[in-house]
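To keep things clear, I will list the structure first and then write my remarks on it.
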Amino acid sequence: MRPLTEDDVRSSFVNASPDELRIVALPSDFLLADWDHLDFFAWRDPRTRGRGYLIAEIDGMPRGVVLRAAEGTSRARSGMCNVCHTMQPGDQVSLFTARKAAQAGEHGDSVGTYMCADLSCHENVRLAMPLAPSEIRASVDRRIDGTRRRAEDFVGRVLETVESRR
C-alpha cells in the first residue's frame, strides 16, 4: 500500500458525514506504519467505542469506509473472519457494518461482514502457522493476496463500483 498522510486518510472516506470526518481519530502508531507491508489499513477508533476504519486501494486510489462494530458479545466458541479467513475465539470476531456510499447510504443501506474484532487481519495472515487446528494450510502469499482482495471487495460493496470477485 502506498504511504498515506493524515489528509489522505481523511479525504479517502466514501461513507462518512462531515461530523464523522471531524471526529476520526488516527491510531497512536500512525506515523510508524510500515506501508510497504500493509495490504490495507484498518484500525479501531481509540476514542469512540464501536467504531473502526478500513482503507483499501481501489483503482490505485485510497478508499476508506467507516465501520460500526455490533454491540454485545458472541456466545460462539469460535468464529471465522471473512476477510483474513482465520479462526478466532468467538469474542475476537465481530460483525462490522458500513453505511453504503452516496444515496444508498443516505437511505440507510449498509453492508456487513465478520472481521477480526481488533481489525488486525493484515497481521494474522502473515503468521506462518494456522491459528486453529481446523484451518487449511495455505501459503502465506496466497493468504495475503486473498485478504487484500476480500478487503477491497468489501470496500467495493460499500462503493457499489467494484463487482464481487468471489
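Of all the residues in region 17-46, those that are within 24 Å of Cys84 (Cβ to Cβ), in a loop (DSSP other than H, G, I, E, B) and among the aliphatic types (A, V, I, L, M) number 5. Can you tell me which of Arg2, Arg49, Arg10 is touching a residue at least 12 places away in the same chain (Cβ under 8 Å), outside any strand (DSSP E or B) and under 21 Å from Ser110 (Cα atoms)? Residue meeting the stated conditions: Arg10. So in region 32-66, with the set limited to residues that are touching a Ser or Thr at 6+ places or on another chain (Cβ under 7 Å) and surrounded by 19 or more Cβ atoms within 10 Å (Cβ to Cβ), which one is modelled with the lowest pLDDT? Out of the qualifying residues, it is Asp39.
Only one of the numbered conditions (1) touching a Leu at 6+ places or on another chain (Cβ under 6 Å); (2) farther than 19 Å from Gly156 by Cβ is violated by Thr48, and that is (1).
Scanning region 68-111 for residues that are assigned to a strand (DSSP E or B) and free of Cβ contacts under 8 Å to residues at least 40 places away in the same chain yields Arg68, Gly79, Met80, Pro89, Val93, Ser94, Leu95, Thr97, Ser110.
Evaluate the following for His107: is it modelled with pLDDT under 95 and closer than 19 Å to Gly146 by Cα? In short, no. Just wondering, is there one or more residues in region 6-16 that are under 13 Å from Leu119 (Cβ atoms), buried (at least 17 other Cβ atoms within 10 Å of the Cβ) and of a type in the set (S, T, N, Q)? No, that holds for no residue.
What number of residues in region 79-88 are over 16 Å from Ala151 (Cα atoms) and either at pLDDT below 85 or in contact with a Leu (Cβ under 9 Å, 6 or more places away or on another chain) (or both)? Please lay out each step first, then the result.
If we filter region 79-88 for residues that are over 16 Å from Ala151 (Cα atoms), which is where we start, we get 79, 87-88.
Now restrict to residues that are either at pLDDT below 85 or in contact with a Leu (Cβ under 9 Å, 6 or more places away or on another chain) (or both): 87-88.
Matching residues across region 79-88 total 2.
Sort out which residues of region 8-25 are of a type outside the set (D, E, K, R) and under 19 Å from Met61 (Cα atoms), and write them in order of number. Explain how you work it out, then say what you get.
Going through region 8-25, the residues of a type outside the set (D, E, K, R) turn out to be 9, 11-18, 21, 23-25.
Scanning region 8-25 gives Val9, Ser11, Ser12, Phe13, Val14, Asn15, Ala16, Leu21.
The values are calculated or read from the model by the stated rules, or taken from the named source; none is laboratory data. These numbers were taken from a predicted model, which means no experiment stands behind them. All Cβ positions, even for glycine, are placed from backbone atoms using ideal geometry, and neighbour counts span all protein chains on display.
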